[in-house]
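For reference, the structure is listed below as structure tokens.
The values are calculated or read from the model by the stated rules, or taken from the named source; none is laboratory data. What you are looking at is a predicted structure, and each value in this text was computed from that prediction instead of being measured. Don't worry about glycine lacking a Cβ; one is built from the backbone with ideal geometry, like all the others, and counts go over all protein chains shown.
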Amino acid sequence: MMALLLAAAAVAIPADSVTVGSSTIEKYLIHISGGGLGIMTDDTISISRIGRRWIAERLVKDYNWCGQKSGDRSNPCIETNVVRHEWVDGRTCPALSQAMVKIADAWRSDEAIPENMKQKASDTPEFTIIARSESKKTLGDKQAAEFLGPLATWWRNTEADIHGCWSVAAPVSIEPRLSAAGV
């Protein structure tokens, strides 16, 4: 059904820029929060174009009431709180640059769905994305939030594609934008 809504949406866009509507987007901020059944996530991802390459920075904060097994029958679970700060360099991980080409199509797909038709789910984290342009001609940021939909699907697919690319070392000498204390 989505394919029908976007029959002519596929446009080749160079990997060093992304066009959404009439804006060239150079920075994205993604926030994934929520969960259920004792498992919560509060992840923030910043994806920016630096020069001609895309850099992703991620701060993962995950809670799981039974993240480890204790071996004790009376209390078999040990709760875990995981905090990780990681990076991906689009120059060494082509999947990141390829994903940034695909985001424009996902954004057009999301805009084609009326708000009252978007699915709501209680045990699914909410996906929020803000697109920021460095252009002074842009009137404002673009923002979307959904539980399930084209943008959330784009990120799940991207996350799977770049899974092996995350590193604790920043790829360039830039200051982290995300911190465990706040964003």
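Table for the structure above
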{"quantity": "Number of the condition not met by His163 [criteria: (1) crowded, with 16+ Cβ neighbours inside 10 Å; (2) modelled with pLDDT of 90 or more]", "calculated": "(1)"}
{"quantity": "Conditions (1) touching a Lys or Arg at 6+ places or on another chain (Cβ under 7 Å); (2) at pLDDT below 85; (3) over 15 Å from Ala106 (Cβ atoms); number of the one not met by Ala7", "calculated": "(1)"}
{"quantity": "Qualifying position, being modelled with pLDDT of 85 or more, touching a strand residue (DSSP E or B) at 6+ places or on another chain (Cβ under 7 Å) and surrounded by fewer than 17 Cβ atoms within 10 Å (Cβ to Cβ), among Gly34, Gly71", "calculated": "Gly34"}
{"quantity": "Breaking point among (1) surrounded by 12 or more Cβ atoms within 10 Å (Cβ to Cβ); (2) hydrophobic (A, V, I, L, M, F, W, C); (3) under 23 Å from Thr124 (Cα atoms), for Ile50", "calculated": "(3)"}
{"quantity": "Filtered residue count, the stretch 104-131, keeping only those that are in a helix (DSSP H, G or I) and modelled with pLDDT of 85 or more", "calculated": "0"}
{"quantity": "Scan of the stretch 74-96 for residues that are assigned to a loop (DSSP other than H, G, I, E, B) and either of a type outside the set (S, T, N, Q) or surrounded by 14 or more Cβ atoms within 10 Å (Cβ to Cβ) (or both), ordered by number", "calculated": "Pro76, Gly90, Arg91, Cys93"}
{"quantity": "Filtered residue count, the stretch 132-155, keeping only those that are buried (at least 17 other Cβ atoms within 10 Å of the Cβ), under 17 Å from Ile45 (Cα atoms) and modelled with pLDDT of 85 or more", "calculated": "4"}
